[in-house]
Structures are given as C-alpha cells and as structure tokens.
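Novice: Once you've had a glance at the structure underneath, I'll fire off some questions.
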Amino acid sequence: MDSPPELHALSKLARSEELADRSFANGVLRLRYARFPEERPQTKAAYDEARACSLHFHAKTRAALQDGTLRGGALRKLLEEHPSPDPFVEEVLELAHPPLDEAPLPAHHTPYVASGLTEVLHALDVTRLGPGDTLVDVGAGLGKVVLLAHLLTGARAQGVELDGALVNQARASAASLGLEGVEFVQGDAREVELGDAKVYYLFSPFAAEVLEAVLARLEAIAARRSLFVCASPTPCAWLTPVSAPSSWLVVHRTVHPA
Ligand SMILES: C[S@@+](CC[C@H](N)C(=O)[O-])C[C@H]1O[C@@H](n2cnc3c(N)ncnc32)[C@H](O)[C@@H]1O
C-alpha cells in the first residue's frame, strides 16, 4: 500500500536536519500509529527510518560516548549549552523513539514519559551522586535517568521497569554505547530486588497502593542505611525534604533516629 501524501511529508520532516522538526514529526508519527491502524506498516517504516537517521546525525557525539572520552563535566557542558537539551540528549542516547506499541498498564501505573534534564541534573547535584555510589530508577522507562546518572557521575545505575518492550530497548541503547555500569531489570517494583542504593528516583511511576507498597520497601532499606528518595512530595515520617526544584520533584533524605 502506498503512503498517503501527509505521511510522506511527515517522514521527510522526521529526517530533517533540524532537531525541532524531527522531534515534532516523531511525535505526530507516534500519534498516527495509534490513530490509524490501517497505516501502521508505513508509519512504522517511516519511524524506523527516522530513528536510524537521528543516530546518523549524532554519530560523532555517540563515538565519543562509546570510546569513553565524553563523560562527566564535558558531557554536562555539552548538554547545558544546547538550545534544546532534552530532545538532543534523547536522540544521542537513542531514547527518542519509544516502542510504537504500548502495553496496557494496570491500574495506578503511569505510562512512559521521560524526565526532564533539569530535574535529573538537580537530583544528581543535590544527592552528590558519584563513583562508588548506586542510583536506582524505579519505573525507568527507556533509561534516560539511568544512562545520564552513569555517564555524568560515574555511579552505577540500575533501572527497574515493568514493561518488557521498554526494558529491551533500554538495554539495546546501553549496549550500543558499550556501557557497563548500567543495568535494567524487568519486573514490578513491588516485587523485584531494589538493591542497596544511595539514591532512589521515582518520576511518578505509579500511585495509590502501588506507591505505598514500594515506599514500604524503601523504608525497610532506609532502616539499614541513609538514602535519598527523589520523587513527588512524599509525606512520610522517615523522609525529610531537602529541595524541590519543580512541581513534581522533591529530593528527600532519610530521617535518622536520634
Ligand atoms: C513516568 S515514566 C518515568 C520514566 C523514567 N523514570 C524517567 O524519568 O525518564 C514511569 C515508568 O514507570 C513504569 N512503571 C509503572 N508501574 C511500574 C511498576 N509497578 N514497576 C516498575 N515500573 C513501573 C512505566 O512503565 C513507565 O515506564
């Protein structure tokens, strides 16, 4: 089946040299994929082509990440000086094209949306994450926080994610950069091992009783060691807010018994 002219135009825009055009066109391609099932093969072909094209645009930056020369302060400077840092870093890290088929989520679970770079940097700064530390992103999606935490600080970083398609893509993105300090575990945050990290990051992955169950697990870890929880405002007696840079993010640290 031939592509309709508007899909053809979108496909061209999704391969434009302009990051803003690519970003816009990819969003529309995702919407069309959901809205027009009869066009899915052509939409997917355009989306896959756009993904390959975006990697091509960032080949030099990706090579520097692969050989380890672009890390820490140099990477941070590059991101902070970019006029559109979020779409830029998502393309560079191969996170800009989430799977087109979204798995239905159970009640109280949030679908995948990536954190903003500003919030991630704030969390890394306030918690002073560094080499020898571990961060766990609970509900990691495609791994933006996990990859950035490792690349910017040298810490080990782990993502826990329910959706297997997101986990597979996150693992592939990390492997394509040859990163060894990151790991993605597929499973429900109420059940899988949550490790012994210094920082737990939760960008509103779930609510209600799911959130309560996961917070109870973190409280049990906090009984053994001090830690940070970066999340929406979380009024728990065992946590105290340290800073709140945005409407959803509060960095909390554990309250120690006297
Ligand atoms: C808003 S996204 C955040 C993605 C990522 N943390 C970031 O900040 O870029 C929330 C993610 O939590 C995942 N999620 C929802 N419920 C979950 C659960 N019970 N266990 C693990 N992951 C879950 C969703 O699949 C989704 O990818």
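Novice: Counting DSSP beta bridges in the chain, what percent are antiparallel, to the nearest 5? Write out the running numbers ahead of the final one.
Specialist: Working: 9 of 25 bridges.
Of the beta bridges lying entirely in the chain, close to 35 percent run antiparallel.
Novice: Another question, if that's okay. Setting aside same-chain residues fewer than 8 positions from residue 44, which aspartates and glutamates have a Cα under 14 Å from its Cα?
Specialist: Counting by Cα, and skipping residues close in sequence, residue 44 has these aspartates and glutamates nearby: 2, 101, 102.
Novice: Please give the contour-minus-distance gain from residue 190 to residue 207: 0.36 nm per residue of separation, less the Cα-Cα distance, rounded to one decimal in nm.
Specialist: Gain in length upon complete extension: 4.9 nm.
Novice: Quick check: the distance between the Cα centres of region 150-227 and region 91-111, to the nearest angstrom?
Specialist: Measuring centre to centre over Cα atoms gives 16 Å.
Novice: Return the percentage of antiparallel bridges among DSSP beta bridges fully within region 117-254, rounded to the nearest 5 %. Could you put the intermediate results ahead of the total?
Specialist: Values: 8 of 24 bridges.
Antiparallel: roughly 35 percent of the beta bridges in region 117-254.
Novice: Between residue 239 and residues 5 or more places away or on another chain, which pairs have amide H atoms under 5 Å apart, with H built 1.01 Å from N, and which residues are they?
Specialist: Amide H neighbours of residue 239, under 5 Å, 5+ apart: 255.
Novice: While we're looking at this one, here's another question. Roughly speaking, what is the stretch gain from residue 44 to residue 3, that is 0.36 nm per residue apart minus the C-alpha to C-alpha distance, in nm to one decimal?
Specialist: Extra length from residue 44 to residue 3 when fully extended: 13.6 nm.
Novice: Per residue of region 7-24, in order, report the coupling 6.51 cos²θ - 1.76 cosθ + 1.60 (Karplus, θ = phi - 60°) as ³J(HN,Hα) in whole Hz, putting x for Gly and Pro.
Specialist: After applying 6.51 cos²θ - 1.76 cosθ + 1.60, I find 6, 4, 5, 5, 4, 5, 5, 5, 10, 5, 6, 8, 4, 5, 5, 4, 5, 4 Hz.
Novice: A further question follows. Please give the peptides 159-171, 28-40 ranked by average Cβ packing (other Cβ atoms within 10 Å per residue), highest first, as a rough proxy for protection.
Specialist: The most tightly packed comes first, giving 159-171, 28-40.
Novice: Still on this structure: Amide H neighbours of residue 228 under 5 Å, counting only residues 5+ apart in sequence or on other chains, H built in-plane at 1.01 Å?
Specialist: When sequence neighbours closer than 5 places are left aside, the close amide H contacts are 199, 200.
Novice: Would you calculate the volume per residue, in Å³, of the smallest convex hull containing every Cα atom of region 178-250?
Specialist: 120 Å³
Novice: Okay, next question. Label region 121-258 by shape, choosing from rounded, prolate and oblate, from the square roots a ≥ b ≥ c of the eigenvalues of the Cα gyration tensor; if a/c is under 1.5 it is rounded, and otherwise prolate applies when a/b is larger than b/c, oblate when it is not.
Specialist: On the way: a/c = 1.72, a/b = 1.36, b/c = 1.26.
Verdict is prolate for region 121-258.
Novice: Hey, another quick one. Taking 10 °C and 1.306 mPa s as the conditions, I'd like the Stokes-Einstein D for the chain in µm²/s, using the Kirkwood hydrodynamic radius from alpha carbon pairs.
Specialist: Values: Rh = 19.2 Å.
Calculated translational D: 83 µm²/s.
Novice: About its Cα centre, what dipole magnitude does region 117-254 give when the only charges are +1 on Lys and Arg Cβ and -1 on Asp and Glu Cβ, stated in debye to the nearest 20?
Specialist: It works out to roughly 380 debye.
Novice: Per-residue counts of other Cβ atoms within 10 Å, averaged by peptide: what ranking do you get for 72-80, 185-193, highest first?
Specialist: 185-193, 72-80
Novice: Percent relative contact order of the chain, based on C-alpha pairs within less than 8 angstrom and at least six residues apart?
Specialist: Values: 386 pairs, mean separation 36.7, N = 258.
This gives 14 percent for the chain.
Novice: Between residue 53 and residue 168, how high is the FRET efficiency from 1/(1 + (r/R0)^6) when r is the Cβ-Cβ distance and R₀ = 25 Å? Nearest 0.05.
Specialist: Working: r = 22 Å, r/R0 = 0.86.
The value I calculate is 0.70.
Novice: Next up: Relative contact order of region 117-254, please, whole-number percent, based on alpha carbon pairs below 8 angstrom and at least 6 residues apart.
Specialist: 23 percent
Novice: Further question on the same structure: What residues qualify as long-range amide H neighbours of residue 82, i.e. H under 5 Å apart, gap of 5 or more or another chain, H built at 1.01 Å from N?
Specialist: Distant-sequence amide H within range of residue 82: zero hits.
Novice: With a Förster radius of 35 Å, plug the Cβ-Cβ distance of residue 224 and residue 101 into 1/(1 + (r/R0)^6) and report the FRET value to the nearest 0.05. Present the calculation step by step, with values, prior to reporting the outcome.
Specialist: Working: r = 40 Å, r/R0 = 1.14.
Given R0 = 35 Å and the Cβ-Cβ separation, E is 0.30.
Novice: Cut-off under 27 Å on the C-alpha distance; same-chain residues fewer than 8 positions from residue 198 excluded. Which lysines are left, in chain and number order?
Specialist: Excluding near neighbours in sequence, the set is 77, 144.
Novice: Distances over 17 Å make up what percent of all Cα-Cα pairs in region 5-92? Intermediate results must be reported in sequence, preceding the final value.
Specialist: On the way: 1962 of 3828 pairs.
Here the tail beyond 17 Å accounts for 51 percent of pairs.
Novice: Run down the aspartates and glutamates and flag those whose C-alpha is under 13 Å from the C-alpha of residue 12, throwing out any fewer than 8 positions away in its chain.
Specialist: Within the straight-line limit of under 13 Å, residue 12 reaches these aspartates and glutamates: 21, 48, 49.
Read-outs throughout are calculated quantities, based only on the coordinates presented, and are distinct from any laboratory measurement. Quick caveat: nothing in here was measured; it's all calculated off a predicted structure. Quick reminder, even Gly has a Cβ in these numbers, built from the backbone with ideal geometry, and neighbours come from all protein chains shown.
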